[in-house]
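Asks: Okay, here's the structure, questions in a sec.
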Amino acid sequence: MNEKTVRKILPEEMALPEQVRATAYHQRRAPDAAEADEQAQDRRGREWGCFAPGGELMACAVNHAFTAFLEGKPVPMGGVGGVATLPEYRRGGAVRAIFGPLLQEAREQGETLSALYPFSHAFYRKFGYELADTRSVYAFPSEALRAFAHDGWARPLTAQEGAEEALALYNRFASRYNGALRRDLRQMRRQLPPARWQGDCAAYALGNERKWLAYISYQDRPAEGWGRVLVSRDIAWDGPEGLRAVLGFLHTLEPEYRRMELTLPEDVPLAALAEEPSTFDRTAHHSFMLRLTHVGRALACLPPPPRPYTVAVEDAFLPQNSGVYRVCAEGVTRVWEKPDLETSVHALTQLVVGYCDMHMAAMRLDVRVCGNEAALSAAFPRRPLFIQDYF
């Protein structure tokens, strides 16, 4: 063996990537046996490794099998996580070597999107990923929600009690947000405490005599000086009534918390809904990255355009995506035509998921609008994104 080798991790080798991660992430506590077994089951057949000439595992990554929403449609999405390299092998191209076959297989197996949480946005742009999420974190004194009231019921929510109803509500909520995961019951239960306020979080379901309206899970931490801060972890609601139910419920917790931090999608202007907007501090968080694994399938998920348009895409890392696509009401085809839009896969990812519209995309250095501007503007409006799952 004269050079590094990239391949899938074999079932009997599943301990090797965990050892690499423990070293790379400076972990000092091993997961308990049940947690370790569950993680191994999730990663079996999805774990990749890059091996040194002598056979040592240099780096690893896992491509989780997820389903995400795109324009309300469920599409296959890979979630790349657990990326780690031993210190002595860093800057040697081991991670890059993994991403090539990983994305090739993902495309061949039907994935439309690939997602990850980066340690460095610049690093993962080399593999075609681009920023695709800006969430708002509102920090405010707990009394700022006094205008809201919830006169329905509130019930403790756990992994064993109410998880099925919470899952149905979450998936209705998530279908409005591109990139959000469509969860299954196991994924939903992972978001909830195993029992009432067990572990580091609590969760409550909210509703009225007709239906469930919302749920929220949260944890607390000490406030600077005195008191405690409520920090939201996972949230979903049905329509404006559901959002008001969440805010009204949080108001009832005012005696327990000095301040609150609520993470919300960009299409919820919380400060503008309150009596005193000046008491709210809003911070934009930029973390999640996406890439189009299959450009044709992604474009086909968009609403049929009233007018056809053509787009030329350049994808250096996954060249099967490169080419000119014609998009019309009848579908998406590869063509040899002069394009209306020339773009990198990075910019096209942002356009497809709605992170930016054509006005914003045209500011990028890797976008060139050649014509048919009205059709392009209609095809790529801004759309809300909100991702709450970590991997």
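Asks: For the chain, build the convex hull from the C-alpha positions and give me its volume per residue in Å³. It would help to have the intermediate numbers written out before the result.
Replies: Numbers: hull volume 66.2 nm³, N = 391.
Per residue, the Cα convex hull of the chain comes to 169 Å³.
Asks: OK, next. Choose one of His121, Pro74, Ala132: the residue whose Cα lies farthest towards the positive end of the charge dipole of the stretch 44-132 (beta-carbon charges +1 Lys, Arg; -1 Asp, Glu; about the Cα centre).
Replies: Comparing the listed Cα positions along the dipole, His121 ranks first.
Asks: Could you check how much of the accessible area of the chain is carbon and sulfur, as a whole percent, using a 1.4 Å probe?
Replies: Working: 9260 of 17940 Å².
Its accessible area is 52 percent carbon and sulfur atoms.
Asks: Subtract the Cα-Cα distance of Glu12 and Trp153 from 0.36 nm times their separation in residues, and report this length gain in nm to one decimal.
Replies: Details: separation 141, 0.36 × 141 = 50.76 nm, distance 4.99 nm.
Answer, rounded to one decimal: 45.8 nm.
Asks: Considering only protein heavy atoms, with the full assembly of protein chains and a 1.4 angstrom probe, order Trp212, Trp237, Trp197 by accessible area, largest first. The partial results should precede the final answer.
Replies: Numbers: Trp212 50, Trp237 10, Trp197 110 Å².
The ranking, largest first, comes out as Trp197, Trp212, Trp237.
Asks: Still on this structure, please answer the following. Hey, rough spin-label estimate for Glu276 and Thr67, points 7 angstrom out along Cα→Cβ, what's it come to in nanometres?
Replies: 4.7
Asks: As an exercise, use a Förster radius of 22 Å and the Cβ-Cβ distance of Thr283 and Ala122 to find the FRET efficiency, rounded to the nearest 0.05.
Replies: On the way: r = 22 Å, r/R0 = 0.98.
Efficiency, from the Cβ-Cβ distance: 0.55.
Asks: With a 1.4 Å probe and all protein chains left in place, how much accessible area per residue does the chain have, in Å²? Spell out each step's value before the answer.
Replies: On the way: 17940 Å² over 391 residues.
Counting only protein heavy atoms, the per-residue value for the chain is 46 Å².
Asks: To the nearest 0.05, what FRET efficiency results for Glu209 and Glu161 with a Förster distance of 22 Å applied to their C-beta separation? Display every interim value, and only then the final one.
Replies: Details: r = 20 Å, r/R0 = 0.89.
Once the sixth-power term is evaluated, E becomes 0.65.
Asks: For the chain, calculate the relative contact order in percent as a whole number, restricting contacts to Cα pairs under 8 Å that are 6 or more residues apart. Spell out each step's value before the answer.
Replies: Details: 835 pairs, mean separation 69.4, N = 391.
The normalised contact order for the chain reaches 18 percent.
Asks: Here is a follow-up. So how far, in whole Å, is the C-alpha centre of the stretch 303-339 from the one of the stretch 111-189?
Replies: 31
Asks: How large is the dipole of the chain about the Cα centre if only Lys and Arg carry +1 and Asp and Glu carry -1, each at its Cβ, rounded to the nearest 20 debye?
Replies: Numbers: 46 positive and 49 negative charges, 113 e Å.
Roughly 540 debye for the chain.
Asks: Treating the beta-carbon of each Lys and Arg as +1 and of each Asp and Glu as -1, no other charges, what is the dipole magnitude of the stretch 62-127 about its Cα centre, to the nearest 20 debye? Could you put the intermediate results ahead of the total?
Replies: Working: 7 positive and 5 negative charges, 62 e Å.
With Lys and Arg at +1 and Asp and Glu at -1, about 300 debye.
Asks: With a 1.4 Å probe and every protein chain left in place, tell me how much accessible area His346 has, in Å² to the nearest 10.
Replies: 40
Asks: Hey, got the dipole for the stretch 1-160? About the Cα centre, +1 on K and R Cβ, -1 on D and E Cβ, debye to the nearest 20?
Replies: In total the dipole reaches around 460 debye.
Asks: Now, a different point. Using a 1.4 Å probe and counting only protein heavy atoms, arrange Thr67, Thr252, Thr349 so the residue with the most accessible area comes first.
Replies: On the way: Thr67 40, Thr252 85, Thr349 0 Å².
Reading off the accessible areas and sorting them downward yields Thr252, Thr67, Thr349.
Asks: Further, regarding this structure: Using a 1.4 Å probe on the protein heavy atoms only, what accessible surface does Arg382 show? Give it in Å² to the nearest 10.
Replies: Near enough 120 Å² of accessible area.
Asks: Local charge sum around Arg107 (other residues, Cβ-Cβ under 14 Å, Lys/Arg +1, Asp/Glu -1)? It would help to have the intermediate numbers written out before the result.
Replies: Working: positive: Arg291, Arg297; negative: Glu105, Glu108, Glu111, Asp315.
Here the charged neighbours net out to -2.
Asks: Next question, about the same structure. Largest first, how would Phe69, Phe391, Phe317 line up by accessible area (1.4 Å probe)? Walk me through the numbers on the way to the answer.
Replies: Numbers: Phe69 10, Phe391 55, Phe317 35 Å².
Heavy-atom accessible area, descending, gives Phe391, Phe317, Phe69.
Asks: Taking 0.36 nm per intervening residue step and subtracting the Cα-Cα distance, what contour gain separates Arg368 from Trp336 on full extension? Don't jump to the answer; show the numbers that get you there.
Replies: Working: separation 32, 0.36 × 32 = 11.52 nm, distance 1.77 nm.
Stretched fully, the Arg368-Trp336 segment lengthens by 9.7 nm.
The values are calculated or read from the model by the stated rules, or taken from the named source; none is laboratory data. These figures come from a predicted structure and were not determined experimentally. Note that we place each Cβ from the backbone using ideal geometry, even for glycine, and neighbour counts take in every protein chain shown. Keep in mind that these areas ignore ligands, DNA and RNA; they rest on the heavy atoms of the full protein, side chains included. Shrake-Rupley method; radii C 1.70, N 1.55, O 1.52, S 1.80 Å.
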